[in-house]
Amino acid sequence: MEEMDSAIANLLQPIKVAVQESQSIAPKRNNVSSAIHALLVVLGAVFLSWPAIYNGYPLMYWDGVEYLAVGHKIAGALFLHRLSPTYGARSVFYSLAIYPFHWGAAPWLVVAMQCLLVAWVLWLVVRSIAASYAETGYICLMLLLTLLTSVGWYTSFVMPDILAPVLCLAIYLLVYAGDSLSRVERIALSLIAWWCITAHGSHLLLAASLCLLLAAATFLEQMLDRRKCRAEDFRAVGQFALIVIAAVVSQLAFYGFLCGKPSLTGPHPPFLMARVITDGPGRWYLKQHCPQEHWVICDDMSSISTDSATLLFDPTDSWSSSTESVQLRMEAEEVPLVLAILRTYPRQEFLRAAANFRHQLGLFDLYGFSVDETLTELAKNLSPQLVSGYLGSRQARDALPLRSLSQVEWWVVIASLAIIARPAPFFVRQPSRRLAGLCLLIAATIFGNACITGVISKPDPRFQCRVIWLVPFLAGLLLLDCFAHRRRGSGS
């Protein structure tokens, strides 16, 4: 027996040595793999930044000037308790988050931060769908997306617009691909989702809508599968719901601290009131009821524009030309006035809202990055470094090839829709919960974004263009998944 044991031990000795060597090599391999993945993300971020590099300066918009201008006020109130009478009409969370990346100087680091953030989230999505081809697939997708779609233009844009599609992808990763994430990645994505929600008013509405949709989809999935309800499916949706609740509480608390009154948006122009008035039904209502019901806006009916942006932001129109006390009264009357208009003209307003939604759904191009005289005037109120950098850019000289790039993206979206429809039979034969969840979220984001921005604000190419690149991205992921399935099938 002893001789047999010793013989077996001798036979197993090389295996033990190999196992020990593999265990010692594994951490090194993991470190090398992590370094390669980090380099891939950095390379993806470089791809995404090409519009800013080509422009010679980060892409600007007149809202972005305000985000840059009020950051120091918000930081002073939060850390030094130096409260200011006003913090602008934009999201204080986005202004505060980007402030350490510019400090009142050129916002190149803001672009770098946004490019790295988007590149990392896209890497996690590609890894969750096509793990066996993640590295090659990621580089190919990033190169094609940045050259043929608008994603790079929005990462190079000093605005929170890029955070709407990032929110969609973060939700997918947390709800449908949580088992592909490490603990650190889940925590980071939860914080990113929270910031995306707080960065813009439309993002909160989008997140709440997606949360309800996911709850309904998960319940329906359990019903159709006729199996025991998996607690982890509902737990993932519940965790995202907690992120939405945390964002709401944060906004109420922070705006309460800054403005002395809890609010989800802080002081802001009456966007919804302007929308229903310029749609037509609101104007009809005011003409009929102003003699009997004295709304504040009735005092200046002659100067009300037919365009909501002009009505709110033109210096000579109703909102901008009013005193602060009148503006506060308009804000207080916004919801009661809108409800009264909807009660009086429900069908007409619904038809106008539906028309705005349809218009916004197919309205996407890059013309929002063209030169704007208002932007040039606003930029002069910032630091000389900001002004000189912007005025020297191609955007300020109206020298960006926006028309050609918009046409390219339009055809890319059409081709991507054809690609998405083509693998549908294969997708049905080989069901993937992750891909199904991603398709659901991207479709809901594109339609929800068009509904929220087109109905509440107004149809604008900038709003839909910020999310339309998700369609080519989804088409690329479907092709990667089909390729991986076929390779596995041929191998077996």
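The values are calculated or read from the model by the stated rules, or taken from the named source; none is laboratory data. Fair warning: this is a prediction, and the values are worked out from it, not measured in the lab. A quick note on method: Cβ atoms are made from the backbone with ideal geometry, for glycine too, and the neighbour counts reach across all protein chains shown. Remember, those area values only see protein heavy atoms, side chains included, never the ligands or the DNA or RNA. Shrake-Rupley method; radii C 1.70, N 1.55, O 1.52, S 1.80 Å.
Things worth noting here:
- Which listed residue, of L174, L189, is open to solvent by 10 Å² or more (accessible area, probe 1.4 Å), closer than 20 Å to E232 by Cα and either among the hydroxyl-bearing types (S, T, Y) or in a helix (DSSP H, G or I) (or both): L174
- Tally of residues being closer than 15 Å to T278 by Cα, modelled with pLDDT of 85 or more and among the charged types (D, E, K, R) across segment 308-357: 2
- Flag for A199 being more than 30 Å from P85 (Cα to Cα) and touching a Leu at 6+ places or on another chain (Cβ under 8 Å): no
- Filter pass, L417 being at pLDDT 90 or above, of a type in the set (A, V, I, L, M, F, W, C) and either under 17 Å from T146 (Cβ atoms) or not assigned by the TED database to the domain that holds Y172 (or both): no
- Those residues of segment 280-289 which are out of contact with any Leu (no Cβ under 9 Å at 6 or more places or on another chain) and either open to solvent by less than 20 Å² (accessible area, probe 1.4 Å) or at pLDDT below 80 (or both), in sequence order: G280
- Among the criteria (1) over 26 Å from V338 (Cβ atoms); (2) assigned to a loop (DSSP other than H, G, I, E, B), the one P459 does not fulfil is (1).
- Segment 52-159 holds helices (runs of 4 or more DSSP H) entirely within its bounds, and those carrying 1 or more residues that are at pLDDT 90 or above and open to solvent by less than 10 Å² (accessible area, probe 1.4 Å) map to 92-98, 108-129, 134-148, 151-155.
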